[in-house]
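Worksheet: the structure to be examined is printed underneath.
Just so it is clear, none of the values below were taken in a lab; they were calculated from the coordinates. It should be emphasised that the depicted structure is a prediction, and the values quoted were computed from it without experimental measurement. Reconstructed Cβ throughout: ideal geometry from the backbone, glycine too, with neighbour counts over all protein chains shown.
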Amino acid sequence: MGAGRLSGVGVFDFDGTLVDTLGEITASLNCVLARHGRRSLSEAEVKILVGRGPQTLLHRAWAATGKSAEGRQVNGLTEEYFAEYGSNGGMSRPYAGVDDGLRRLVQRGWRLGICTNKDGATVRKLVRQLGWDRWIRVVVSGEDSVRKPDARPLRLALSRLKAGRGRHLFVGDSGVDRETARRAGVEGVFVGYGYGERDGTEERFFGAAVELLSWMGRAGP
C-alpha cells in the first residue's frame, strides 16, 4: 500500500453483531447442563452470560445453576460444549441485511475482518458456509491472542488487514467490545440488536444491521 493511500477497515464482533447464534448457544449449553443434572437456561438468561468466550460462558452457567466450576472442570465442560455445538449447527442466522451489506461495503473499498472471543474453528466454518469468505479477509479468535477487552486481538486483526491511513472501525454488541475499541484507540460502533445493553457511552449506535451497514456504505472508507 502506498504511504498516501487511505484505507477503510471494518472489524466486526461475530455473535450478536453479524449473526444471531443465541439459539445454537442455548441448545448446546443446555445439553451440557442436563448431562450434569443442572437446570436448563432460557435464551434470555444465556443472553446475559455470553461475551467473553466459551470458558467464561460455562463458568457463568455453572454459577447460575448451582455450585460453581473451576479450573480443569471448566476446561472439560468447555470441550463438552464444543462437541454439542458441532451437532447443533444450522440454527444460526445472519441478521437481516448483513449479506447484502457486506458485499456492498467491499464494493465501496472497505476491507473487513472479524475479532471475536468465540472459538476460531466454529467462526471460520460458519463464515465459509455463509459465503462470507469472499468478503471477510481475516478472523481473529479467542485462541489467536488474548481475549477481548484486551486491545491486542483487535490490533492483530487490523495488522493482518494491513490497516494503514484511513478510517478504522470496530463494531460490536457488548460492553466488552466498547472497551476493546477504546483500549485500541479505534472508532467504536455499538449495535443494539445483539446480546449486550446500551449504556449511553457509545460513540455511535445503530438499532439494526441494515442501518449500520448503510451508514458505513454512505460514510465510505
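Ratio of the stretch 22-87's C-alpha Rg to 2.2 N^0.38 Å, to two decimals? Mind dumping the intermediate values first?
Working: Rg = 10.3 Å, N = 66, 2.2 N^0.38 = 10.8 Å.
In units of the 2.2 N^0.38 Å rule of thumb, it is 0.95.
Report the relative contact order of the stretch 71-216, percent, no decimals, based on alpha-carbon pairs under 8 angstrom and at least 6 residues apart. Don't skip to the answer; put the middle values down first.
Details: 184 pairs, mean separation 27.8, N = 146.
RCO, the stretch 71-216: 19 percent.
Could you count how many Lys pairs in the chain have their Cα atoms under 24 Å apart, skipping same-chain pairs fewer than 8 positions apart?
Pairs that pass both the separation and distance tests number 9.
Once amide H atoms are built 1.01 Å from N in the peptide plane, which residues 5 or more positions from V140, or in another chain, come under 5 Å H to H?
Residues meeting the amide H criterion: I114, C115, T116.
Give the average over all directions of the projected area of the C-alpha convex hull of the chain, one decimal, in nm².
Details: hull surface 46.7 nm².
For the chain, averaging the hull's shadow over all directions gives 11.7 nm².
Residue-wise, which Karplus ³J(HN,Hα) couplings in Hz belong to the stretch 57-62, taking 6.51 cos²θ - 1.76 cosθ + 1.60, θ = phi - 60°, and x for glycine or proline?
4, 5, 4, 5, 5, 5
Ranked by Cβ crowding within 10 angstrom, fewest neighbours first, how are C31, C115 ordered? Before the final figure, lay out the partial values.
Details: C31 17, C115 29.
The most exposed by this proxy come first: C31, C115.
Output wanted: per-residue J couplings in Hz (rounded whole) for the stretch 182-188, from phi through Karplus 6.51 cos²θ - 1.76 cosθ + 1.60, θ = phi - 60°, x for Gly and Pro.
Whole-Hz 3J(HN,Hα) from phi for the stretch 182-188: 4, 5, 7, x, 10, 4, x.
Can you list residues from other chains, or at least 5 along the same chain, whose modelled amide H is less than 5 Å from the amide H of V19?
Answer set, sorted by chain and number: Y95.
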